[in-house]
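Only the coordinates and a few stated rules stand behind these numbers; no lab work does. These numbers were taken from a predicted model, which means no experiment stands behind them. Because the Cβ atoms are built from the backbone with ideal geometry, glycine has one as well, and the counts that use them run over all protein chains shown.
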Amino acid sequence: MVLEMRIEKYEFGLIVINGVEYRHDVIVSPSGVKKWWRVKGHEVCVKDLELVEGEPMDILVIGTGYYGLVKVLDEVYKWAEERGVKLITAPTREACKEYNERLPGNVIAALHLTC
């Protein structure tokens, strides 16, 4: 089942998606919301994106935290390019806006809620 997962609110450590509050990092996709863990807390590597492998995706938005402290490794940019996926990285507040503006569509967001 494909849903439109709209981000309604974001503040440090809290995000509300379709009326549900989450207080942990999330991946948001048409198939739902998943808890997101990374190999290293303030880095995003290709292994961190295994949860979205195989999902239809034209755009991947990565939220780099409230203060934008999470680093997206070069391997992630290469991974996206090889798949024809547009990669957008931004502090999480801006990433939430970017994600919502691209709905409906094959857009996925991976969002770090703190730092």
In order through the stretch 93-103: 3J(HN,Hα) via Karplus (6.51 cos²θ - 1.76 cosθ + 1.60), integer Hz, x for Gly, Pro: 4, 5, 4, 4, 5, 4, 4, 4, 5, 9, 7
Taking 7 Å along the Cα-to-C-beta vector as the label spot, tell me the ARG6-LYS78 distance in nanometres, rounded to one decimal. 4.0 nm
Mind checking which lysines have their C-alpha under 17 Å from LYS97, skipping anything on the same chain fewer than 8 residues away? LYS9, LYS86
Under the definition of Cα pairs under 8 Å and six or more residues apart, what whole-number percent is the relative contact order of the stretch 7-112? 32 percent
Could you check the spin-label model distance between GLU101 and HIS42? Points 7 Å from the Cα along Cα→Cβ, value in nm. 2.8 nm
I'd like the distance between the alpha-carbon centres of the stretch 18-41 and the stretch 42-102, rounded to an integer number of Å. 13 Å
State the percent of C-alpha pairs, over all pairs in the chain, separated by a distance greater than 23 angstrom. 17 percent
Antiparallel DSSP beta bridges within the chain, percent to nearest 5: 50 percent
So for the stretch 1-68, averaging the separation of alpha carbon pairs under 8 Å that are six or more residues apart and normalising by length, what relative contact order in percent results? 20 percent
